[in-house]
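The values are calculated or read from the model by the stated rules, or taken from the named source; none is laboratory data. Please read these numbers as outputs of a predicted model, since none were measured by experiment. In this analysis, Cβ positions are derived from the backbone assuming ideal geometry, glycine residues included, and neighbour counts consider all displayed protein chains. When the accessible area is computed, the model is the full protein with side chains, heavy atoms only, and any ligands, DNA or RNA have been set aside. Shrake-Rupley method; radii C 1.70, N 1.55, O 1.52, S 1.80 Å.
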Number of protein chains: 8
Amino acid sequence: LTDPLVAIVAGSKSDEELVQEAASVLERFGVPYQKRVISAHRTPQAAFEFSANAAGRGIKVIIAIAGKAAHLAGVLASGTILPVIGVPAPTSDLGGLDSLLSTVQMPSGVPVATVAIGKAGAHNAALLAVSILSLGDDGLAKMLRDHKSRIADQVASADEEFSSG
Amino acid sequence: LTDPLVAIVAGSKSDEELVQEAASVLERFGVPYQKRVISAHRTPQAAFEFSANAAGRGIKVIIAIAGKAAHLAGVLASGTILPVIGVPAPTSDLGGLDSLLSTVQMPSGVPVATVAIGKAGAHNAALLAVSILSLGDDGLAKMLRDHKSRIADQVASADEEFSSG
Amino acid sequence: LTDPLVAIVAGSKSDEELVQEAASVLERFGVPYQKRVISAHRTPQAAFEFSANAAGRGIKVIIAIAGKAAHLAGVLASGTILPVIGVPAPTSDLGGLDSLLSTVQMPSGVPVATVAIGKAGAHNAALLAVSILSLGDDGLAKMLRDHKSRIADQVASADEEFSSG
Amino acid sequence: LTDPLVAIVAGSKSDEELVQEAASVLERFGVPYQKRVISAHRTPQAAFEFSANAAGRGIKVIIAIAGKAAHLAGVLASGTILPVIGVPAPTSDLGGLDSLLSTVQMPSGVPVATVAIGKAGAHNAALLAVSILSLGDDGLAKMLRDHKSRIADQVASADEEFSSG
Amino acid sequence: LTDPLVAIVAGSKSDEELVQEAASVLERFGVPYQKRVISAHRTPQAAFEFSANAAGRGIKVIIAIAGKAAHLAGVLASGTILPVIGVPAPTSDLGGLDSLLSTVQMPSGVPVATVAIGKAGAHNAALLAVSILSLGDDGLAKMLRDHKSRIADQVASADEEFSSG
Amino acid sequence: LTDPLVAIVAGSKSDEELVQEAASVLERFGVPYQKRVISAHRTPQAAFEFSANAAGRGIKVIIAIAGKAAHLAGVLASGTILPVIGVPAPTSDLGGLDSLLSTVQMPSGVPVATVAIGKAGAHNAALLAVSILSLGDDGLAKMLRDHKSRIADQVASADEEFSSG
Amino acid sequence: LTDPLVAIVAGSKSDEELVQEAASVLERFGVPYQKRVISAHRTPQAAFEFSANAAGRGIKVIIAIAGKAAHLAGVLASGTILPVIGVPAPTSDLGGLDSLLSTVQMPSGVPVATVAIGKAGAHNAALLAVSILSLGDDGLAKMLRDHKSRIADQVASADEEFSSG
Amino acid sequence: LTDPLVAIVAGSKSDEELVQEAASVLERFGVPYQKRVISAHRTPQAAFEFSANAAGRGIKVIIAIAGKAAHLAGVLASGTILPVIGVPAPTSDLGGLDSLLSTVQMPSGVPVATVAIGKAGAHNAALLAVSILSLGDDGLAKMLRDHKSRIADQVASADEEFSSG
């Protein structure tokens, strides 16, 4: 078994779909990861411990997924020097604007690398983690370059189909 | 010296004006308070300890003042069963909407009693603390009723002046 | 029969689901409550009388649930020194942003303790009421501490399930 | 002395500039008015009495000017069948969006005729009052038609100046 | 046949539900009305003529219902001295915030009496028209006072049912 | 004298700065233009006539600059088949969001080509007019390509200075 | 076969419905067009080449349809002097406000002619393209004038039906 | 001379203050960087080349600072597999909300690591870059841990001063 390099942490079980989106991207790149449910507000001590020990356990990048007054990414970032990527979960009332502002508007000193609201954000969080890891892993860098070509090819195919349609 | 019943906690020194607004209201009511600067992100352990020990030290109500991705009130609320009042600080770019949503949109299980953005909010946070304390203190309740009359009288005076102006 | 300590006041019958959410939390803690429908705009006198007499009838905390130009919490707060908790109801057009701003942006002198929009807010309003009551009731305080542990355990279980999933 | 037909009610003395803007328009049309300061939250009884007695005292239209969680227009409208015009005052943090939504988003049954945020709104509130009064006053109707021509002429002059500039 | 006193003008056929809501309120009060579809952008001349001739045809109040860049109320108001009430129609993308701002933020000189977004707004637009008409019609004023009592009674019934539920 | 090809229409004299910004761009390209002040609400007939006759007078593109409930561009577009470019003017309370939504959210059938809020928008409105005119004017097209190169060179210079700074 | 005069470029296949809306309008006017799928982010080189060569291939107007951080219209506009019309696609979380601001708030020097969010925008984008093309094509201008009459007639029919309904 | 590891790219010279903020943080950590001005819209080819060649020139992290329809970070991210950090610049009209949404709401496939609007964001962008670099540089990791302690100490000092003040 390989030790996880990326931790995907959700603020609640209801964020499972976003966790899976990020996880499936990491799997495609063969990046070992772990999945956690830790709440900044309901299990603050677990958050504290997770964050303090993540680097020591070999984690390189943390992906934090949370909604509403989404403090999870910020709370995890406060306890580690690892890069923390925040995914704002959509919310039924304010469309995720609350999650977005709570995640991105961090004060000087504690950065959170915020991506888009929802599924595209979860997908991109994983790609960003791969991008960061590939700075020290040429194989991963090659896979990422190939992935970029592949999604370009997909758009090109759609273009061809569309142009002649 | 009397032990403080209310703690006014600011996320950074730049929130000092709001702290003073709340403090001056508490002084008017003779409610002992303490002032702290604790950052949810820069001194998470201090936040953790403060929150865990507040009730034990005799604190009854916590007022948390913070801006932007304002996690302070939520983080303090996660560690205590005391009522926590959140004051969203104004922000230069988004007018405090970020602070407001980050403070008020708490998930089930960890309430934050949120008041208005800025100075009116800080003022009202202190009044709300007095209101809570007065449930167990008839003298304070009387002072609060008198205060309510006084501000009504001020409006009435303004009305008189205005009507004849 | 026990006299109610908390009043849950809805601005209209359509807020019933939110009322039930708050009520079920209070029941779990054995806190006696009453349910009312009072409209700040359609039955202003009832609001006025309710608010003026609430403290005298033994009410300690008022929870006001209303949507759109949600004046209910503010109107009730204007007539009492009791702590008033405002729950902004979701709205179909603006997602409850109108309810939130109408509830939280109170001017100096009349605080409303505002919680999140919708069901999480109604749930937390009840917990906040319990938190306030537990300042003078050690039994309740113990129950609240236990509740905090229980929801932490739930997250921990979800975490375990998730980590190994 | 003529009895006032229009009441301009401000929620606080700080709205004086907006009151003057509305007043000066009414003066131009010779419409008798009174100015009041009444707070929906700080002097709710005064609001209640004012509203209940306005029609009896000969008032035909009420202009209510207030900011933030601006409940004044709604509270006055709840106590009278007179048309109530709401002017949302600008606010330093949210630009008056809070005042606007709190004034305009009234529930079924209690309309508030809302105009623009700030000075243009106060100006137009007075013109709207004149428009309503002129339904039963041909002299006023003529003055209003003349006023409309005059402001058209002003734009035409500006146009001439501009075109040749 | 009675000549209409109120004109309900919709910007497009798709606003029919809102038109019916306003119409049914006017019917309840026995106020004769007419329904029109006129587009500020697609039939500007019709708008122009309607507006210029409305007062001459005995119309006292105009209700304009439109969505998105909702110019209808403003365009009608520019051509008449009659009071024009604007109802912002909900929009699928921005929830009617676009309709609201386009209707309410009128510049100095041309007021639009704006009510809430959607069905409650359409309902209240009709009530506001009745309120304006009742300034010169004691019978209507009595009906409006009775209506206010009736809706108060409805809330009181709901309250009774709720309190004992 | 050359007949104007572009009309820059402002809703009020207060938009003069934006008019000048657009005018100075047109001058740089030698495009003859005229400046007008026409209000959709205060001089609707002038708007109507201007719009109906613009094409006949040789105007090819109309630039409409207005703020708040900015109906000018839409009203002009309703009366002509010429392309109408809308510039949302900044507003002190809502930052021009009201102007933007009132200008851009036009219903099917009457397009307005909307550009950015404020000075950049006025500048770009003129460039867009030049772009449209250059479809039928090779000399203008060449000037526009040269202009594009020039602004690229300016950024390149800034880059050089910056890189070595 | 006629060479296309208008290019409709979508940022992804998921924007197909909006593409069809624009296409069907162009077909009604007999304007030859091509459909493309090009992503500003996934196939930047294709965007670059398309934009650089569009004018040379006879394209007169580009319609760019994209959502979220919608850079497509801006990126295409940066590489051509042709008029580029941007259609902000609706987004599930923020209702298309993100698409709108990303499309319209272009800096000085690179205009994008932005239309409404969604289907009405796509429809109007095509009409705007026709309007631009008709500056050099009298037949098209006549068709556009006829189209304007037809949609006026449709509103007039709806009005007739409504008035008598 | 050391080759730069981080590139700070501004969309225009007016973003210089934000560039300096990021630069001064990198200097404190001894991280070699370069400063560039490249416009996604005015010098798209420069953006394209910069992005394509950055990794080859030894750049590890790109910081992109831009405002309004801020496409710079997304455009750079489209051309490289390096992590790109986006700093939304404040804007006078919409407070930077336009910049934020244009930067963060990236579609699946092309992540941008977005930080807060303005100076705090620029500061944190640099810290995030250091955090990413420190994954492969133990010395830098130690410096970052020390920095975290130092800012904690500063808050602690402020706290001490405040508590006794």
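Can C:Ala64 be described as closer than 29 Å to B:Gly79 by Cβ, within 11 Å of the chain's Cα centre (by Cα) and in a loop (DSSP other than H, G, I, E, B)? Step through it out loud before you land on a result.
Working: closer than 29 Å to B:Gly79 by Cβ: yes; within 11 Å of the chain's Cα centre (by Cα): yes; in a loop (DSSP other than H, G, I, E, B): no.
No; evaluated as a whole, the condition is false for this residue.
Filter the stretch E:26-40 down to the residues that are more than 14 Å from chain G (Cβ to nearest Cβ) and of a type in the set (A, V, I, L, M, F, W, C) and list them by number. The answer is E:Leu26, E:Phe29, E:Val31.
Being assigned to a helix (DSSP H, G or I) and on the phi < 0 side of the Ramachandran plot is the requirement here; does C:Ala116 meet it? No; evaluated as a whole, the condition is false for this residue.
Does C:Ala69 qualify as being open to solvent by less than 40 Å² (accessible area, probe 1.4 Å) and touching a residue at least 40 places away in the same chain (Cβ under 8 Å)?
On the way: open to solvent by less than 40 Å² (accessible area, probe 1.4 Å): yes; touching a residue at least 40 places away in the same chain (Cβ under 8 Å): no.
Considered against the rule, which asks whether it is open to solvent by less than 40 Å² (accessible area, probe 1.4 Å) and touching a residue at least 40 places away in the same chain (Cβ under 8 Å), C:Ala69 comes out as no.
Among the candidates E:Ser78, E:Ser12, the residue that is small (Gly, Ala, Ser), under 16 Å from the mean Cα position of the chain (by Cα) and within 26 Å of F:Leu76 (Cβ to Cβ) is uniquely E:Ser12. Of all residues in the stretch C:107-146, those being open to solvent by 10 Å² or more (accessible area, probe 1.4 Å), touching a helix residue (DSSP H, G or I) at 6+ places or on another chain (Cβ under 6 Å), under 17 Å from C:Gln20 (Cβ atoms) and within 7 Å of chain B (Cβ to nearest Cβ) number 1.
Only one entry in B:Ala22, B:Ala89, B:Ala52 is within 13 Å of chain C (Cβ to nearest Cβ) and within 15 Å of the chain's Cα centre (by Cα), namely B:Ala22. Kindly indicate whether H:Gln20 is open to solvent by less than 50 Å² (accessible area, probe 1.4 Å) and at negative phi. It is false that H:Gln20 is open to solvent by less than 50 Å² (accessible area, probe 1.4 Å) and at negative phi. The condition (being in contact with a Phe, Trp or Tyr (Cβ under 7 Å, 6 or more places away or on another chain) and either of a type in the set (D, E, K, R) or assigned to a helix (DSSP H, G or I) (or both)) is satisfied by just one residue among A:Phe162, A:Phe48: A:Phe48. Taken over the stretch C:24-45, the criterion of being part of a helix (DSSP H, G or I), open to solvent by 30 Å² or more (accessible area, probe 1.4 Å) and either among the aromatic types (Phe, Trp, Tyr) or more than 30 Å from D:Phe50 (Cβ to Cβ) (or both) is satisfied by C:Ser24, C:Glu27, C:Arg28. Take F:Lys119 and decide whether it is of a type in the set (Lys, Arg) and over 21 Å from E:Val104 (Cα atoms). Taking the combined requirement at face value, the residue satisfies it.
Residue-by-condition table, conditions (1) open to solvent by 10 Å² or more (accessible area, probe 1.4 Å); (2) at pLDDT below 95:
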residue: G:Pro4; (1), (2): yes, no
residue: G:Ala7; (1), (2): no, no
residue: G:Ala10; (1), (2): no, no
residue: G:Lys13; (1), (2): yes, yes
residue: G:Val75; (1), (2): yes, no
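Inside the stretch E:77-106, can you point out the residues that are of a type outside the set (Gly, Ala, Ser), part of a loop (DSSP other than H, G, I, E, B), under 24 Å from C:Leu97 (Cβ atoms) and open to solvent by 10 Å² or more (accessible area, probe 1.4 Å)? Before you say what the answer is, go through the steps one by one.
First pass over the stretch E:77-106, keeping only residues of a type outside the set (Gly, Ala, Ser): E:80-85, E:87-88, E:90-91, E:93-94, E:97-98, E:100-101, E:103-106.
From the residues that got through so far, the ones that are part of a loop (DSSP other than H, G, I, E, B) too are E:80-83, E:90-91, E:93-94, E:105-106.
Those still in the list that are under 24 Å from C:Leu97 (Cβ atoms) too: E:90-91, E:93-94, E:105-106.
Across the stretch E:77-106, the qualifying residues are E:Pro90, E:Thr91, E:Asp93, E:Leu94.
Tallying residues that are among the aliphatic types (A, V, I, L, M) and open to solvent by 10 Å² or more (accessible area, probe 1.4 Å) within the stretch G:52-66 yields 3. On inspection, B:Gly95 does not qualify as modelled with pLDDT of 95 or more and out of contact with any Leu (no Cβ under 6 Å at 6 or more places or on another chain).
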